[in-house]
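Enquirer: Pasting a structure below so you can have a look.
The values are calculated or read from the model by the stated rules, or taken from the named source; none is laboratory data. Here the structure is a predicted model, which means the values were calculated and not measured. In this analysis, Cβ positions are derived from the backbone assuming ideal geometry, glycine residues included, and neighbour counts consider all displayed protein chains. Remember, those area values only see protein heavy atoms, side chains included, never the ligands or the DNA or RNA. Shrake-Rupley method; radii C 1.70, N 1.55, O 1.52, S 1.80 Å.
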Amino acid sequence: MTQVLNLARHAGKNGDVPIGAVIVCDGKIIARGENLVQRKQNPTLHAEIVAINRACKKLGQKFLDNCDIYVSLEPCAMCATAISFARIRNIYFAATDEKGGGITSNARVFENDKHLWHPNIIQMPEYANESAELLRDFFATRRKVQKDKKC
């Protein structure tokens, strides 16, 4: 999770919402992702999607059923669904996302029995405060910059 938080910091320093993700297979990180939405001007380039794309490319396959994903923030509904489609075994995440979360908070994607793949979901609360602080600081800075531009 330390690498995930470092990726989140990097995303934030580059103007994207500070969220990072890594995919682990057989105890080794095989793919990393950070939000690239602003840099690439593409609303689908969330950290999880970037990591899934890289893992599939590295392994040369579409299913990642022997893999786990670690994310700094609870995945949104889009990312949770992509994780399901990729058949990732476990989702580990730090902070919950009351507004945009797709697993335990808002959309609760996996509560629907119609999903073909249900990953195990593990929250890592020992990292929640650090992840939440990165997000709070990022948005506080963004609001200050926007306020300063209006003056």
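Enquirer: Going through segment 66-90 one residue at a time, which ones are under 9 Å from the mean Cα position of the chain (by Cα) and of a type outside the set (Gly, Ala, Ser)?
Expert: Matches in segment 66-90: Ile69, Tyr70, Val71, Leu73, Glu74, Pro75, Cys76, Cys79.
Enquirer: For a quick check of your reading of the model, give me the residue pairs whose first member lies in segment 7-27 and is touching a residue at least 12 places away in the same chain (Cβ under 8 Å) and over 13 Å from Ala94 (Cα atoms), whose second is of a type in the set (Lys, Arg) and assigned to a strand (DSSP E or B), with beta-carbon atoms closer than 9 Å and at least 6 apart or on different chains.
Expert: Leu7/Arg32; Ile23/Arg32
Enquirer: Follow-up. With the requirement that a residue be surrounded by 11 or more Cβ atoms within 10 Å (Cβ to Cβ), on the phi < 0 side of the Ramachandran plot and either under 13 Å from the mean Cα position of the chain (by Cα) or not in a helix (DSSP H, G or I) (or both), what does segment 107-119 give you?
Expert: We begin by selecting, within segment 107-119, every residue surrounded by 11 or more Cβ atoms within 10 Å (Cβ to Cβ); these are 107-110, 115, 117-119.
From what's left, on the phi < 0 side of the Ramachandran plot: 107, 109-110, 115, 117-119.
Result: Ala107, His115, Trp117, His118, Pro119.
Enquirer: Still on this structure: Enumerate the pairs (first residue in segment 47-58 and within 10 Å of Ile69 (Cα to Cα); second residue anywhere and open to solvent by 10 Å² or more (accessible area, probe 1.4 Å) and in a helix (DSSP H, G or I)) with beta-carbon separation below 7 Å, excluding pairs fewer than 6 apart on the same chain, so at least 6 apart or on different chains.
Expert: Listed by first residue and then by second, the contacts come to Glu48/Ala82; Ile52/Ala82.
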